[in-house]
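Participant: Input: one structure, supplied below.
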Amino acid sequence: MAEEEHRRAERHIVYFVAELLPEDGERGRVAITHDASETGLLLLTRAHLELGQSVTVRVLLPGDVEQRRAVTGRVVRREVLSPAEVDFWKEKVALEFDVPEGELAREMLIAAVRYEP
């Protein structure tokens, strides 16, 4: 069965700044969202994350500088970086939310469309 068939929710391409906060107390690291659904995010980051590792992610949406949406989850997959991504990023990881985040996924999709160049 193809990987896409394992997904439980529709994913949308959305690029936003995020901050990863590992539970182990390590300092926060910058990330970029790649795609999102109500069940998780695919992220590009310079942090090294392990499968099963729990993290908090704070997503910064345009026009929402006062609040960053914080969600918790765990790393469920690591993906190979494309040649363009290798120059800056170290990891591409899939994060599964601890609880579905349908509202955040909708807000990200709306912001992506609203602020599209």
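Every read-out reported here was derived from the displayed coordinates using simple, explicitly stated rules and does not represent laboratory data. Predicted, not measured: the structure shown is a model, and the values here were computed from it. Glycine gets a Cβ as well: all are built from the backbone with ideal geometry, and neighbour counts include every protein chain shown.
Participant: Counting only C-alpha contacts under 8 Å and six or more residues apart, can you give the relative contact order of region 3-114 as a whole percent? Mind dumping the intermediate values first?
Facilitator: Details: 241 pairs, mean separation 29.7, N = 112.
Averaging sequence separation for qualifying contacts and normalising by length gives 27 percent for region 3-114.
Participant: May I pose another question? Give me the dipole magnitude in Debye, nearest 20, for region 3-114 about the Cα centre, with unit charges on the beta carbon: positive for Lys and Arg, negative for Asp and Glu. Working shown, then result.
Facilitator: Details: 16 positive and 22 negative charges, 46 e Å.
That gives a dipole near 220 debye.
Participant: Charges on Cβ only, +1 for Lys and Arg, -1 for Asp and Glu, centred on the Cα centroid of region 54-96; of Leu81, Gly63, Ala94, which one is farthest towards the dipole's positive end?
Facilitator: Ala94
Participant: Over the residues of region 11-77, compute the C-alpha Rg and express it relative to 2.2 N^0.38 Å. Intermediate results must be reported in sequence, preceding the final value.
Facilitator: Numbers: Rg = 11.3 Å, N = 67, 2.2 N^0.38 = 10.9 Å.
Cα-based Rg divided by the globular estimate yields 1.04.
Participant: Can you tell me which of Leu104, Leu81, Leu60 moves the most in a GNM of the chain? Springs connect C-alpha atoms under 10 Å apart.
Facilitator: Most flexible of the set in this elastic network: Leu81.
Participant: While we're looking at this one, here's another question. Nearest 0.05, what FRET efficiency do Glu19 and Phe88 give at R0 = 22 Å with Cβ-Cβ as r?
Facilitator: On the way: r = 16 Å, r/R0 = 0.74.
After rounding, the FRET efficiency stands at 0.85.
Participant: Sticking with this structure for a sec: What is the spin-label model distance, in nm, from Leu81 to Arg114 if the labels are put 7 Å beyond Cα along the C-beta direction?
Facilitator: For the pair Leu81/Arg114, the computed spacing is 3.2 nm.
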